[in-house]
Structure formats: structure tokens, C-alpha cells
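Trainee: Below is one structure. I have some questions about it.
The values are calculated or read from the model by the stated rules, or taken from the named source; none is laboratory data. The shown structure was predicted, so the numbers you read here are calculated from the model rather than taken from an experiment. Don't worry about glycine lacking a Cβ; one is built from the backbone with ideal geometry, like all the others, and counts go over all protein chains shown.
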Amino acid sequence: MQSKTYLTGVICVLISAILFSAKSVLVKLAYQYSVDSVTVLTLRMAFALPFFLVLLYVSHEPSKPLVRKDYWGLLAAGVVGYYGASIFDFWGMEFISASLERLILFMYPTLTVFLSALFFKTVISRQTWLAIVISYSGMMFVFVGNEQQESTHLILGSVLVFAGALAYAGYLVGSGVLIQRFGAIRFTALALSIASLCCFLQFALSHPLNTLTTLAKPVWLICAALGFFCTFLPATLLTQGIRRIGAPQSALVSAISPVITLALGAWLLDEFLTNWQIFGACLVLFGVVLISYKPTLE
């Protein structure tokens, strides 16, 4: 029974990683129809939100008595964490490839380590320092090996996606206590609902509503797929996987995510990495796996 539970957890995390990996490629496909990042993100959240609200309604997770500080924390997680991470990520993808975006975003565990050390005074182990050096050395090879994009776009897009990774790392660091207070499903659904409202507000302030009537049909189909298959479904599967095999093992299984994005990018977008970039990508993957393999903080 235990081995069956473990296998089920691995399968859940693996499918989640595959679906999350497809997000970058689908976003780039949507951009080919001359639609901007705010519109794509807004439609993605609009399609995902109803599923999370249903999940919130049927959830019967126990939660602890909540105080005002908990609600402020939830608000920060939704606005700064989930919304901030998403908008920077989608904006950055207007300038860089899906493959590079996934590699930069995949470095969030290193940022989580730094933020934990900064705010919670945790000590970073030698193994973790080694993993961080390896990961960032790999990113240097990825940038140096770039031969296809203008340096201005490369830098701007990379900085934006890195800001998204930093916001997501902050979301993870701050969510630990909040999940204990609200419950995992309730917290995720509420934080995403807040982020969705932020997206809707930004769209309403920056775009006329009739913009939606001018969108090509494929954009709607892509955003619907983003909302369900690349947002709600993988988030739900990941939660179930972590429950069965734990967060460290889930991180190891999820390490396949950039590899899948590289393959999908080559297949659907004709995005190919140079030899130096492939070498750098391998270093990034190895560094992140090394961080996840054992407890990173002593």
C-alpha cells in the first residue's frame, strides 16, 4: 500500500511538471497573434478561477482561528506573490524564449534559500552554497552562449522573469505559516482568487473591454488551455503529490520541467539552444537538484 501511494504521488508530480512546462510554450504561441502579456494573463486567470472557487467550496480542510495578520499575509501572498510573479513572468516572455524563461524561473529554489536566510536567519549549508554556485555559473553559460537574440531584449526579458522568480520565492517562503493557518487548498484558492482580481483590475485600467472581441479564436483556446491544463490541474496534482511523497522528493521529480520545456520549444516554436547554453542548462538542473536532494538549511 505504501509503495502504491508513493507511485501515485510521483505520477501526480510528474504530470504536474509536464503541464506546468507547457505553460511557457503556450504563452509564446498566444503572442504570435499580436496579443500582449496582460491580456493573456487575464484570460488565463479568468479560465482558472472558476475551478479554484469550486475547489474552495467543496473543500472541508480544517483551519485554525484566523486573526487580522493572517488576512494581511494572504493579501500579500496573492498580490505580491502570485500576481507579481505571474505578471513579471508573462511580461518577460515577450522578450525571451520559452526555454530561457523556464531555466531562469527554475532557479527559484536558490532565491528561496536566500530569502529564508535573510528573514528567518537560517544558516545555508555548504552543499547548498555549492549548488547555488553551480546554478548561477550555469546561467552565465546560458547568457554567454546566446547567439539569436538582441542583447537588450535578452537582458530586459531575463530581468523581468528573474523578478517573477523572486516574487514566487517570496510567495513560497511566506506561505508556509499561512498554509498551516488556512489549510493548503483554501490558501491556494484564496491567493489565486486575489491574484485574479488584480489581473482583472489591471486589464480594466489598461485596455478597453472591446479588446476581447477582437481577439483571434486561437487565443481564446490557448488561454482556456492555460487556465485549466497549465494552472488549475497541475496545481491540484502537485498538492496531491506533495501530500504523498513530500516536498523534497516532489522538487526532485519536478526537475524534469525545464527539459520538457526545451523539447516543446524546439518542437513547436523552433527554439534551439547552442552547445554552450545546453551545458549551462545542465549545470542549472544539477544545481537545483542538489539543493532539493537534502535539507538545504541547517
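Trainee: Within region 42-59, track down each residue that is over 10 Å from CYS199 (Cα atoms) and in a helix (DSSP H, G or I).
Mentor: PHE47, ALA48, LEU49, PRO50, PHE51, PHE52, LEU53, VAL54, LEU55, LEU56, TYR57, VAL58
Trainee: Let me ask another. From the list SER292, SER254, exactly one residue is modelled with pLDDT under 75 and in a helix (DSSP H, G or I). Which is it? Talk me through it step by step, then tell me what you get.
Mentor: Values: SER254 fails: modelled with pLDDT under 75.
That would be SER292, the only listed residue that is modelled with pLDDT under 75 and in a helix (DSSP H, G or I).
Trainee: Being surrounded by fewer than 22 Cβ atoms within 10 Å (Cβ to Cβ) and of a type in the set (Ser, Thr, Tyr) is the filter here, so list the residues in region 164-179 that pass it.
Mentor: Selection gives TYR168, SER175.
Trainee: Is one or more of the residues making up region 200-217 surrounded by fewer than 20 Cβ atoms within 10 Å (Cβ to Cβ), closer than 22 Å to VAL54 by Cβ and in contact (Cβ under 8 Å) with a residue 24 or more places away in the chain?
Mentor: Yes, region 200-217 contains a residue that is surrounded by fewer than 20 Cβ atoms within 10 Å (Cβ to Cβ), closer than 22 Å to VAL54 by Cβ and in contact (Cβ under 8 Å) with a residue 24 or more places away in the chain.
Trainee: Assess whether GLY84 counts as being within 14 Å of the chain's Cα centre (by Cα), crowded, with 20+ Cβ neighbours inside 10 Å, assigned to a helix (DSSP H, G or I) and not acidic (Asp, Glu).
Mentor: So GLY84 passes the test.
Trainee: Return yes or no: is ASP70 surrounded by fewer than 22 Cβ atoms within 10 Å (Cβ to Cβ), at negative phi and acidic (Asp, Glu)?
Mentor: In short, yes.
Trainee: Any chance you could count how many residues in region 101-134 are more than 30 Å from LEU269 (Cα to Cα), surrounded by fewer than 20 Cβ atoms within 10 Å (Cβ to Cβ) and among the aliphatic types (A, V, I, L, M)?
Mentor: Number of matching residues: 7.
Trainee: Follow-up. Of the residues that sit in region 9-41 and are not in a helix (DSSP H, G or I) and not aromatic (Phe, Trp, Tyr), which one is farthest from HIS207 (Cα to Cα)?
Mentor: My answer is GLN32.
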